[in-house]
Amino acid sequence: MRRLLIGWFAAACLAGFAIPAGAAEAVVVLPYASPELNLAGAKEFAFELQVNQPVEMAVAIATTDRDPVRELAELRRYEAGRHRFAWNGRDAGNAAVPNEAYFPLLSFREGGKLRVLHPADYSGGEVVEPRTSLSQPTSIHFRIDRPARILARAGIKAGPLMRTLAVWNPYPAGSSRIVWDGYDESRRYRVIEDSGYAVMVTGFALPDHAILVTGSSSEPYPRWRRKQGWPSASADHAMPVTAERDGKALSRAFFSPQYQPYDPRVTFSWVGQQREQPTLSGPATVRVDIPKDDRAVLESNLFEVGFFVDGEFVSEEEQGYVPFTWRFDTGRFGAGQHVLTVNISGFSGQVGTASLRFKVPGPTQKHKVSRSPPKSN
């Protein structure tokens, strides 16, 4: 079932729901002058709500996972007209939030009950296909027409994924660039020098009214969120998972909490070999594993473990498990240096990757993959 192992170019899609009705229709979030809040310079992010009829409402800022970050205005009555609110990019404890996407969270009093409305309840998730170009092998340019989360990967055509460059990171509308060093995830192979080098950039639209925080010195979002003490259940999306909304396909990744890692980290090592790059002339064994903290990414889904030598498919285990050991005959490959790559591929689109180097003794031959490892600083 190699469709997973060589299908890292494909983007999976799902989802759908309707725009809400009721008191929420009495309030409109007016367009932002810019969706970005750079904490390295700006002091606050201001936005306005157009209230079309009197409404009892509270206003807060929330994460993409629906966690309440900071209250801006407590529940009270608002008359018709424009109302201005401002957020300083900090949480309830007055600490700077991480670089991420945040949203206005509106709470309405309806029939004696409090209704909380997050933009992800009715918008976002539509599959986005960025217009992509390579000005240089290590500089990936792309353009999107609306704010979106971007997944960018580099690998070998009809071969393995070698590195994930952006994992559903939020970007504003317009032109953006991803710059990288050209090496695989394990920094053992110069991917951009391979004749089969290819990149894949895809994405999905952010929900309406996203505020994109940049320039923060805070720790990464998943770690920051754990320290807030918010339970995982608070990030579960209370929405049906269907194939589309209004005729537009929605990304499966839209339904994955941002506090969880998307691609698992992979540990990859030789069994019974002391050297990092051993010289091998017969059978050899490798061990593949996933750190405990990342196993939740795949434990609810089936996944495959696939192996590639010099960018070409060699073997797979369709019903993968970890830790996993694999024994292979190095004699199948010619003399010289080789790169062994493993991909752990989930049925929901996740791919973890790692590589090892080995050498087969004998007269040196030219191979498809025979690059020098990066120089240590």
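The values are calculated or read from the model by the stated rules, or taken from the named source; none is laboratory data. What you see is a predicted model, and the numbers here were worked out from it, not measured in a lab. Cβ sites come from the backbone with ideal geometry, for glycine too, and all protein chains shown count toward neighbours.
For region 101-110, does any single residue satisfy the condition of being buried (at least 18 other Cβ atoms within 10 Å of the Cβ), over 20 Å from the mean Cα position of the chain (by Cα), over 29 Å from Arg223 (Cα atoms) and touching a residue at least 24 places away in the same chain (Cβ under 8 Å)?
Yes, the conditions are met somewhere in region 101-110.
In region 354-365, what residues are in a strand (DSSP E or B) and of a type in the set (Val, Ile, Thr)?
Across region 354-365, the qualifying residue is only Val360.
Would you say Pro130 is outside the structural domain of Ile61 (by TED's automatic domain parsing), at pLDDT below 95 and more than 30 Å from Pro68 (Cα to Cα)?
The answer is no for Pro130.
Given Phe328, Phe333, which one is within 21 Å of Val271 (Cβ to Cβ), out of contact with any strand residue (DSSP E or B) (no Cβ under 6 Å at 6 or more places or on another chain) and without any contact (Cβ under 8 Å) to a residue 60 or more places away in the chain?
Only one candidate passes the filter, namely Phe328.
Residues checked against (1) at pLDDT 95 or above; (2) in contact with a His (Cβ under 9 Å, 6 or more places away or on another chain); (3) assigned to a strand (DSSP E or B); (4) at negative phi:
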{"site": "Leu298", "(1), (2), (3), (4)": "no, no, no, yes"}
{"site": "Asn301", "(1), (2), (3), (4)": "no, no, no, yes"}
{"site": "Gly320", "(1), (2), (3), (4)": "no, no, no, yes"}
{"site": "Gly334", "(1), (2), (3), (4)": "no, yes, no, yes"}
{"site": "Gly352", "(1), (2), (3), (4)": "no, no, yes, yes"}
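Table: residues versus (1) surrounded by 19 or more Cβ atoms within 10 Å (Cβ to Cβ); (2) without any contact (Cβ under 8 Å) to a residue 40 or more places away in the chain; (3) over 29 Å from Ala46 (Cβ atoms).
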site	(1), (2), (3)
Arg131	no, yes, yes
Asp184	yes, no, yes
Tyr189	yes, no, yes
Gly203	yes, no, no
His209	yes, no, no
Tyr221	yes, no, no
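For region 160-175, which residues satisfy the criterion of being of a type outside the set (D, E, K, R), within 16 Å of the chain's Cα centre (by Cα) and part of a strand (DSSP E or B)?
Hits for region 160-175 are Leu161, Met162, Thr164, Leu165, Ala166, Val167, Trp168, Asn169, Pro170, Tyr171.
Tell me, yes or no, whether region 76-93 has at least one residue that is part of a strand (DSSP E or B), among the aliphatic types (A, V, I, L, M), touching a residue at least 24 places away in the same chain (Cβ under 8 Å) and over 30 Å from Gln53 (Cβ atoms).
No, every residue in region 76-93 fails to be part of a strand (DSSP E or B), among the aliphatic types (A, V, I, L, M), touching a residue at least 24 places away in the same chain (Cβ under 8 Å) and over 30 Å from Gln53 (Cβ atoms).
Pick from region 241-272 the residues that are among the polar types (S, T, N, Q) and not in a loop (DSSP other than H, G, I, E, B): which of them is nearest to Lys227 (Cα to Cα)?
Thr267
Kindly indicate whether Glu193 is closer than 22 Å to Phe358 by Cβ and crowded, with 19+ Cβ neighbours inside 10 Å.
So Glu193 does not fit the description; no.
Inside region 94-117, can you point out the residues that are part of a loop (DSSP other than H, G, I, E, B) and either outside the structural domain of Thr63 (by TED's automatic domain parsing) or in contact with a Gly (Cβ under 7 Å, 6 or more places away or on another chain) (or both)?
Val97
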